[in-house]
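Colleague: My questions will all concern the structure given below.
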There are 2 protein chains.
Amino acid sequence: MNSGLNFLVAARQCEISELEHLALTSELVGVIGRLVHALQRERGISNVYLASRGARFGDALQQQVADCEAVQAQVLTRLDALDTDARRVRNGARLFSRIAFVLHALEGLPALRQRVSTQSVPAEEATATYTRLIAGLLNVVFEAADSATDPKISRALVALFHFLQGKEYAGQERAFGGAAYASGQIDAAHRQQWQHLIEAQEACLQVFRDFSDEAVRSAWQASLPVEAVNTLERMRRVASANAHGTLDPNASATWYEACTLRIDAMKSFEDQLAANLRLLCDERIAQAHADLRDQQAILDALQRQAGDAGNEPPALLGPHLERSILGMVQEQSRRLQSMSDELETARAALNERKVIERAKGLLMASRKLSEDEAYKMLRQTAMNQGRRLVDVAKTVLAMSDYL
Amino acid sequence: MNSGLNFLVAARQCEISELEHLALTSELVGVIGRLVHALQRERGISNVYLASRGARFGDALQQQVADCEAVQAQVLTRLDALDTDARRVRNGARLFSRIAFVLHALEGLPALRQRVSTQSVPAEEATATYTRLIAGLLNVVFEAADSATDPKISRALVALFHFLQGKEYAGQERAFGGAAYASGQIDAAHRQQWQHLIEAQEACLQVFRDFSDEAVRSAWQASLPVEAVNTLERMRRVASANAHGTLDPNASATWYEACTLRIDAMKSFEDQLAANLRLLCDERIAQAHADLRDQQAILDALQRQAGDAGNEPPALLGPHLERSILGMVQEQSRRLQSMSDELETARAALNERKVIERAKGLLMASRKLSEDEAYKMLRQTAMNQGRRLVDVAKTVLAMSDYL
């Protein structure tokens, strides 16, 4: 067998190996989704527990912490199973850095829970800590999506990431709207902030839809609890159109319930997406193995026809076989090229987030802001100027010389 | 030691492993540059040998084939040394596909040489075969540049790739101008084609300069053989400004010599660039190892201070150490983010070529053209419309629905 053909086979094996690594990462992403959900619930329950000075949700909190710890153990098991042999992992430096952040934050959870149970932490601080941890977990999913080299899996990961991120905005809206209704009033600034949460949520779900096929889109539409969504929309409208700035404090529970019904529906659907992703990985791996077997069979046949001429070059194979080898080489190049084009499209969807992250980083460095402060500054500018967050971020980057 | 910190170390190890792979690839790129040069000479000599019906350059051809075979053996040795263990190679599928193409083309060389020596192949066909092989070798360098994850090395590879590609256009111009002068005449279409080779060459050298530091740029400027470059410029001008379309056939040898002097100077400079690249890889690897040792030392110190408390989480480390770990995690994330920003800039320079490749692929598929025909069609449109090739390619891609 000549070495050109060996490299053709090696190229296929690289593809299979990348797919296998993607399958592992996809498993991890599925479990991370479950942990995000458990933490979102724990965040909400802690919030009510602290806001009510321990009067409400004490039992629910204990139960939720136990649930959360169980999922956390699963994530840790997955991470142990993740191949940390540096040479085998694609995009390892960034993925592992994100994981290091998450593990470090998880290690701080017992201390936070202790402070929550003794009510020695303000509700906002506890909420902010949970939110940072969830953001860290979503960053792991983001890196997984960004490192995928198979366009189909990349599309599925981009869709799943945006679904998860949209669900996180939905969770933040639940807390935000709940607090607004409970307080019985809302001012213009809070209205705008609320509006921003709605828009960010819808933008994420739009990307999710764009990267899903028709079947998934219909299933998603069908899975929504219609009544709860109607209640939600009505209560959003009341809060935003209310000229006096007063809200009915008694409606707070209704709001919370409607949001929770919707978020739980999202969670079920997310499980489905994660299951689809695992299936897709299995299919792609099986397909790649089948392709490799086919290719190997052709190469073996070529070798047999070349006879036992030792290591002679395929010039001996004659013009017909010569062409079929060249065809195979060219076909493989074309296929990889078209995969790379498709991948580029999928990655473009991740770029908006990268632009915002870079603008945030620039502001943090040049104006000595924390990450939260930098984000708020960007968001405030977007609100004041009625522009999209990503456009403000682009302007900030374009102005970097002035900062 | 807790697993969050293990992942921090694993992230560093990933970086080192990628750098080590890049160093191997860079070695390969250096040898490929030498093979490209040998093939360029062989192409030129074969061309004269065939055009003169064997009257000229017979001995030179034999000598050059021997030289070329020696470099070819070096490339094959390098490729054998390249780790084909699929799991270890980044961007392996595309890199290996390109290598498979090159090896396949190299295996066809003995047959081509046989046909050249017996003068049983037209000069144009031989030239086209060499040119395809050289393009395949440059594609390997391109994939290497495109897969680099270290911004400094990526910049050096982008510069080197464009230098090599510029040198290849210079070689094509030598043949083109030589043939024009030898024929004693030139028409408008050939003038435009010549102009295109000059522009493509200059665009490549401009990217090379953009991605090089001041020292390299000055060294490049100083390395040019002034007299030969002046002769070249004068003869370009004569050919392009000549209203009658007649050229002095006796000037053909002068043209060839001036071009060769310049190309040989480019070759020496290219060797320097390749040596710089190897040095840079060594430096980056040494630096990464030093960083890892520093990080490990801090982690060990943290562990000692935490005492022999077994596997307890760093909550036990106290708020001061807690902050220093978080700082380390955040610093690493920020550093990777900024590396990724720099990388994006370097890759942008490769995108023009990708756009052209994609447009070519689209034309090949939609209009059943060969690669050469597709490229000629794009180039012809660019000439007719007085636009840049990449802009025409973009238009073609934007119109893909109509094709």
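Colleague: With (1) closer than 21 Å to B:Leu28 by Cβ; (2) touching a helix residue (DSSP H, G or I) at 6+ places or on another chain (Cβ under 7 Å) as the list, and B:Ala200 as the residue in question, which single condition is left unmet?
Modeller: Only one criterion in (1) closer than 21 Å to B:Leu28 by Cβ; (2) touching a helix residue (DSSP H, G or I) at 6+ places or on another chain (Cβ under 7 Å) is unmet by B:Ala200, namely (1).
Colleague: Continuing with the same structure: Looking at this structure, is A:Leu5 in contact (Cβ under 8 Å) with a residue 24 or more places away in the chain, over 19 Å from A:Tyr169 (Cα atoms), buried (at least 19 other Cβ atoms within 10 Å of the Cβ) and within 27 Å of the chain's Cα centre (by Cα)?
Modeller: Against the criterion (in contact (Cβ under 8 Å) with a residue 24 or more places away in the chain, over 19 Å from A:Tyr169 (Cα atoms), buried (at least 19 other Cβ atoms within 10 Å of the Cβ) and within 27 Å of the chain's Cα centre (by Cα)), A:Leu5 does not qualify.
Colleague: Inspect all residues belonging to the range B:126-147 and state whether any of them is in a helix (DSSP H, G or I) and either farther than 24 Å from B:Arg34 by Cβ or touching a strand residue (DSSP E or B) at 6+ places or on another chain (Cβ under 8 Å) (or both).
Modeller: For the range B:126-147, residues in a helix (DSSP H, G or I) and either farther than 24 Å from B:Arg34 by Cβ or touching a strand residue (DSSP E or B) at 6+ places or on another chain (Cβ under 8 Å) (or both): absent.
Colleague: Let me ask something additional. Could you list, in sequence order, the residues of the range B:214-233 that are more than 20 Å from B:Phe163 (Cβ to Cβ) and surrounded by 13 or more Cβ atoms within 10 Å (Cβ to Cβ)?
Modeller: B:Thr231
Colleague: Answer yes if at least one residue in the range A:42-53 is in contact with a Cys (Cβ under 8 Å, 6 or more places away or on another chain), more than 7 Å from chain B (Cβ to nearest Cβ) and of a type in the set (D, E, K, R), and no otherwise.
Modeller: Checked against the condition, which is being in contact with a Cys (Cβ under 8 Å, 6 or more places away or on another chain), more than 7 Å from chain B (Cβ to nearest Cβ) and of a type in the set (D, E, K, R), the range A:42-53 yields at least one hit.
Colleague: In the set B:Glu331, B:Glu342, B:Glu322, which member is within 11 Å of chain A (Cβ to nearest Cβ), at pLDDT below 85 and surrounded by fewer than 16 Cβ atoms within 10 Å (Cβ to Cβ)?
Modeller: Result of the check over B:Glu331, B:Glu342, B:Glu322: B:Glu331.
Colleague: Could you look through the range A:268-291, keep only residues that are among the aliphatic types (A, V, I, L, M) and surrounded by fewer than 15 Cβ atoms within 10 Å (Cβ to Cβ), and pick out the one that is nearest to A:Trp220 (Cα to Cα)?
Modeller: A:Ala275
Colleague: To continue, here is another question. Please enumerate the residues belonging to the range B:350-379 that are under 20 Å from the mean Cα position of the chain (by Cα), among the hydrophobic types (A, V, I, L, M, F, W, C) and more than 15 Å from B:Val392 (Cα to Cα).
Modeller: B:Leu350
Colleague: Let me ask you something else. With in contact with a Phe, Trp or Tyr (Cβ under 8 Å, 6 or more places away or on another chain) and among the hydrophobic types (A, V, I, L, M, F, W, C) as the only criterion, which of A:Leu247, A:Leu277 stands out?
Modeller: Every option except A:Leu247 fails the conditions.
Colleague: Further question: Which of the residues spanning the range A:100-142 are acidic (Asp, Glu) and more than 10 Å from every other protein chain (Cβ to nearest Cβ)?
Modeller: Correct list: A:Glu124, A:Glu125.
Colleague: How do the helices (runs of 4 or more DSSP H) wholly within the range A:170-258 filter down when requiring 3 or more residues that are in contact (Cβ under 8 Å) with a residue 60 or more places away in the chain: which remain?
Modeller: In the range A:170-258, A:188-210 are the helices (runs of 4 or more DSSP H) which contain 3 or more residues that are in contact (Cβ under 8 Å) with a residue 60 or more places away in the chain.
Colleague: Also, I was wondering about something else. Determine which member of the set B:Leu362, B:Leu378 is at pLDDT 80 or above and more than 11 Å from chain A (Cβ to nearest Cβ).
Modeller: B:Leu378
The values are calculated or read from the model by the stated rules, or taken from the named source; none is laboratory data. Note that the coordinates shown come from a computational prediction; the quantities given were computed from them, not determined experimentally. Cβ atoms come from the backbone with ideal geometry, glycine included; neighbour counts cover every protein chain shown.
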